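A.B. asks: Please see the structure below; I have some questions.
Laboratory data are not the source of any read-out in this text; all were calculated from the coordinates shown. Please read all numbers here as calculations on a predicted model, not as lab measurements. Because the Cβ atoms are built from the backbone with ideal geometry, glycine has one as well, and the counts that use them run over all protein chains shown.
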There are 2 protein chains.
Amino acid sequence: MTRALRELGEDKLLAQVFPRLNRNARVVMGAGDDCAVVKFHGAKDWLLLKTDCVVEEIHFARETSARTVGWKAMMRALSDFAAMSGIPEFALITLAIAGKKKASWVDELYRGLNRAAARFDVAIVGGETSETVGPTVIVVSVAGGVERDRCVLRSGGKANDDLFVTGKLGGSIRGRHLNFFPRIDEARWLTANFKVHAMMDLSDGLGTDLPRLAGASKLGFAIDERALPLSRGCTIQQAISGGEDYELLFAVSPRERKRLQKRWQKKFPGLPLTRIGRLNQKSKIKNQELRSGYVHFR
Amino acid sequence: MTRALRELGEDKLLAQVFPRLNRNARVVMGAGDDCAVVKFHGAKDWLLLKTDCVVEEIHFARETSARTVGWKAMMRALSDFAAMSGIPEFALITLAIAGKKKASWVDELYRGLNRAAARFDVAIVGGETSETVGPTVIVVSVAGGVERDRCVLRSGGKANDDLFVTGKLGGSIRGRHLNFFPRIDEARWLTANFKVHAMMDLSDGLGTDLPRLAGASKLGFAIDERALPLSRGCTIQQAISGGEDYELLFAVSPRERKRLQKRWQKKFPGLPLTRIGRLNQKSKIKNQELRSGYVHFR
């Protein structure tokens, strides 16, 4: 623990910290999945909680329009609800920003946040603002719900499950990370019609995120790299390590394959659904092929 | 809106932004009170949501111990639950921190956060970490609950109500802001035994916060400055403008006064309860006497 954060890496750091955290009997799923899952005061559905942040000079450039930054900040957090097949409902905004910044910048930021929230009927119910002497930090915290039998964790994958991704991968280098749509409607449709064993959203790149899903399910995976749905002009390597795709990665039984592909195409004709491989018993060699995604602090 | 944030001030900025924010039918109380109050999926109690942040070089010095910073960051957010007579239950941590920082710093930070959370049986259910090139920003987002008939807003004050504060004011300049206890037990006891009309926690100083409570209740106030419970070595001016007291300020009918004072002393013998004045019909002259608390960006 005397090492610097960027040597240790975010995952290893949090793996050391999380097991010690205080829990209580109402926690269904604490840190480690896309959202936390908890029970609330007799409600039948589960309460989902998620927080996420975007930082100037890391997630957006100083010259990016404030409205675009707001859109992205909100949609990143909502994408984690898609990952659980959850419905986001309430958002809180926390802003650390330099006092010399223009009030109009914050006004525009909130326009972007609000437009993104309204798209999914999410109410922005609070905003905290603090001064900082450094770059702007925007944190979006969201609460929502999911039916107990439709909540999808990362850990439910089974050996031999098909692995699917929505949309195309690798587009973030061309700016798609600034104007994407979280796949909430798609995830809700999936769990209304199919038994989805495991799911997550691709925020750090397939090469980082797929090992997380497989690892949570205590499985390995095999991917056909030539099958990856590439964004126009992207290489396979970019699709694997790019990050910020915000597409869904999910595992379903191969028995569902045909029905899923057929009904998906009818329901979402404009959005590709691609089978990229499958989960299997742990095989260390295969897993290491994909260990090249973006990891914070590296 | 072309002005800089520090000229406009946080309250004015948010007053411009909040009315435009997206709402939905489940919002009981959006931005503007200590916590947001919402309905969740048939639960009888209300869901409370709050986010708060501490920023290096603003809320804590670089040399402050990480464990102390964690304690403070958690307790600040929990104090807003005290303000509503709510019970905090789940917390999410968001951390923006430079990659060159030691992993042990984050480890110690989480120890402080966790110790504070455990004190009130709050489960830390998630943590997001991002790199920044600037000062460390720690955001704590908390969800919890409150019975509908025990939720206390700022806006319920009535003309002629007594105004009380717990504890002593002005101690933050002597470091009390780093190791305080939010008044959750006290607030719960108050609403179990008395009709509290309006309540808030004193985070920005009486001089800033009391006008907020009175304003939300559409009332004025009269304070006897000589009655203020001063921390040892503090002047009246410091008690008014100091900020970060994290004591409760609340309004109850003067008919309750005697019973409240008597029972309080028995229940919390170590903690002073002081009647500092009363709410009254709006009187602009009186209100301006106290307009000197700490305001962000000023």
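A.B. asks: Along the range A:53-68, what does the Karplus equation 6.51 cos²θ - 1.76 cosθ + 1.60 (θ = phi - 60°) give for ³J(HN,Hα), rounded to whole Hz, x for Gly and Pro?
C.D. replies: 9, 10, 10, 4, 6, 10, 9, 8, 8, 4, 8, 4, 5, 4, 5, 5
A.B. asks: While we're on this one: Take the Cβ-Cβ distance between residue A:179 and residue B:258 as r, set R0 to 45 Å, and report the resulting FRET efficiency rounded to the nearest 0.05. Walk me through the numbers on the way to the answer.
C.D. replies: Working: r = 63 Å, r/R0 = 1.39.
It comes to 0.10.
A.B. asks: What nm distances, shortest first, do you get from the label point of residue B:237 to those in the other copies when the point sits 7 angstrom along Cα to Cβ?
C.D. replies: Nearest first, the other copies' label points are 6.5 nm away.
A.B. asks: Still on this structure: Over chain B, what is the relative contact order in whole percent, taking alpha-carbon pairs under 8 Å and six or more residues apart? Please report the intermediate quantities before stating the final value.
C.D. replies: Details: 647 pairs, mean separation 66.1, N = 298.
Relative contact order for chain B comes out at 22 percent.
A.B. asks: Nearest beta-carbon of A to the rotation axis carrying it onto B: which residue, how many whole Å?
C.D. replies: Nearest to the symmetry axis by Cβ: A:134, 1.
A.B. asks: Distances from residue A:3 to the same residue in each other copy, label points 7 Å out along Cα→Cβ, in nm, shortest first?
C.D. replies: Sorted ascending, the copy-to-copy spacings read 5.0 nm.
A.B. asks: If you don't mind, there's one more thing I want to ask. Taking only Cα atoms, what is the 0 to 90° angle, nearest 10, from helix B:184-193's long axis to the longest principal axis of chain B?
C.D. replies: Value to nearest ten degrees: 30.
A.B. asks: Please report how far the C-alpha centroid of the range B:39-54 lies from that of the range A:125-193, rounded to the nearest whole angstrom.
C.D. replies: Each part reduced to its Cα centre gives a spacing of 21 Å.
A.B. asks: Starting from the exponent 0.38 and prefactor 2.2 Å, build the expected Rg for the range A:32-149 from its residue count and divide its actual Cα Rg by it. Working shown, then result.
C.D. replies: Details: Rg = 14.8 Å, N = 118, 2.2 N^0.38 = 13.5 Å.
The reported ratio for this selection is 1.10.
A.B. asks: Okay, next question. Which whole-Hz couplings ³J(HN,Hα) result when phi for each residue of the range A:199-216 is put into the Karplus expression 6.51 cos²θ - 1.76 cosθ + 1.60, θ = phi - 60°, listed in order with x for Gly and Pro?
C.D. replies: 3J(HN,Hα) across the range A:199-216, in whole Hz: 7, 7, 9, 8, 9, 9, x, 3, x, 9, 7, 4, x, 5, 5, 4, x, 5.
A.B. asks: Measure up A:72/A:168; A:72/A:195; A:158/B:102; A:195/A:282 against 27 Å on the Cα-Cα distance and list the ones that go over.
C.D. replies: Details: A:72/A:168 18 Å; A:72/A:195 30 Å; A:158/B:102 38 Å; A:195/A:282 23 Å.
In this structure, A:72/A:195; A:158/B:102 lie more than 27 Å apart at Cα.
A.B. asks: Quantify how strongly other chains surround peptide B:78-89 by giving the mean number of their Cβ atoms within 10 Å of each of its Cβ atoms. Kindly include the intermediate steps, with their values, before the conclusion.
C.D. replies: On the way: counts 0, 0, 2, 0, 0, 0, 0, 0, 0, 1, 0, 8.
Mean inter-chain Cβ contacts per residue within 10 Å come to 1.
A.B. asks: For residue B:7 paired with residue B:224, estimate the spin-label separation in nm (one decimal), with each label point 7 Å from Cα along the Cα-to-Cβ line.
C.D. replies: It works out to 4.4 nm between the two label points.
A.B. asks: Measuring nothing but label to label, 7 Å from Cα along Cα→Cβ, what are residue A:268's distances to the other copies in nm, shortest first?
C.D. replies: Going from nearest to farthest copy, the values are 5.2 nm.
A.B. asks: FRET efficiency for residue A:158 and residue A:133, Cβ-Cβ distance as r, R0 = 56 Å, nearest 0.05? Before the final figure, lay out the partial values.
C.D. replies: Details: r = 51 Å, r/R0 = 0.90.
Once the sixth-power term is evaluated, E becomes 0.65.
A.B. asks: Shape call for the range A:1-93 from the C-alpha gyration tensor, a ≥ b ≥ c root eigenvalues: rounded (a/c under 1.5), prolate (a/b greater than b/c) or oblate?
C.D. replies: On the way: a/c = 2.94, a/b = 1.15, b/c = 2.55.
Oblate is the answer for the range A:1-93, as a/c is 1.5 or above yet b/c matches or exceeds a/b.
A.B. asks: Can you tell me the orientation of helix A:103-119 relative to chain A, as the angle in degrees between its alpha-carbon axis and the longest Cα principal axis, to the nearest 10?
C.D. replies: Orientation of helix A:103-119: about 30 degrees from the principal axis.
A.B. asks: Taking every alpha carbon pair in the protein assembly as shown, what does the distance histogram look like in 20 angstrom bins from 0, in percent?
C.D. replies: Going out from 0 Å in 20 Å bins, the protein assembly as shown shows 21, 53, 22, 4 percent.
A.B. asks: Let me ask you something else. Give me the inter-chain shielding for A:51-57: mean count of other chain Cβ atoms within 10 Å, whole number please.
C.D. replies: On the way: counts 12, 5, 9, 2, 8, 4, 4.
Going residue by residue through A:51-57 and averaging, the value is 6.
A.B. asks: How much of the calculated P(r) for chain A lies past 37 Å, in percent of all Cα pairs? Kindly include the intermediate steps, with their values, before the conclusion.
C.D. replies: Working: 5376 of 44253 pairs.
Tail of P(r) above 37 Å: 12 percent of Cα pairs.
A.B. asks: Give me the inter-chain shielding for A:28-35: mean count of other chain Cβ atoms within 10 Å, whole number please. Write out the running numbers ahead of the final one.
C.D. replies: On the way: counts 1, 2, 6, 8, 3, 2, 1, 3.
If you average over the peptide's residues, the count of other-chain Cβ atoms is 3.
A.B. asks: Here's a follow-up. Kirkwood hydrodynamic radius (Cα pairs, Å) of the range B:152-288? Can you show the working numbers first?
C.D. replies: On the way: mean 1/r = 0.0677 Å⁻¹.
The Cα-based Kirkwood calculation yields 14.8 Å.
A.B. asks: On a 0 to 90° scale, report how tilted helix B:257-267 is relative to the longest principal axis of chain B, with both axes built from alpha carbons and the result rounded to the nearest 10.
C.D. replies: Roughly 40 degrees between the two axes.
A.B. asks: Oh, and also: When the Kirkwood hydrodynamic radius is evaluated over all pairs of different C-alpha atoms of the range B:204-263, what value in angstrom, to one decimal, is obtained? Walk me through the intermediate numbers first.
C.D. replies: Numbers: mean 1/r = 0.0770 Å⁻¹.
Mean inverse Cα-Cα distance, inverted, gives 13.0 Å.
A.B. asks: Sorted by mean Cβ packing within 10 Å, highest first, what order do the peptides B:5-13, B:221-229 take?
C.D. replies: Details: B:5-13: 19.0, B:221-229: 15.4.
Descending mean neighbour count gives B:5-13, B:221-229.
A.B. asks: For the range B:1-112, what does the relative contact order come out to in percent, with C-alpha contacts under 8 Å and a separation of six or more? List each step's numbers first, then the result.
C.D. replies: On the way: 83 pairs, mean separation 23.2, N = 112.
Averaging sequence separation for qualifying contacts and normalising by length gives 21 percent for the range B:1-112.
A.B. asks: Would you please put B:187-198, B:143-154, A:253-264 in order of how densely packed they are, using the mean number of other Cβ atoms within 10 angstrom per residue and starting with the highest?
C.D. replies: Numbers: B:187-198: 19.0, B:143-154: 20.5, A:253-264: 14.4.
Result, highest mean first: B:143-154, B:187-198, A:253-264.
A.B. asks: May I ask you to evaluate 6.51 cos²θ - 1.76 cosθ + 1.60, the Karplus curve with θ = phi - 60°, for each residue of the range A:158-167 and list the ³J(HN,Hα) values in order in whole Hz, giving x for glycine and proline?
C.D. replies: Calculated HN-Hα couplings, in order: 10, 4, 5, 4, 5, 10, 10, 10, 8, x Hz.
A.B. asks: Could you pull out every residue, at least 5 positions away or on a different chain, whose amide H is within less than 5 Å of the one on residue B:60? Hs are placed 1.01 Å off N in the peptide plane, and Pro or chain starts have none.
C.D. replies: Under 5 Å from the amide H of residue B:60: B:55.
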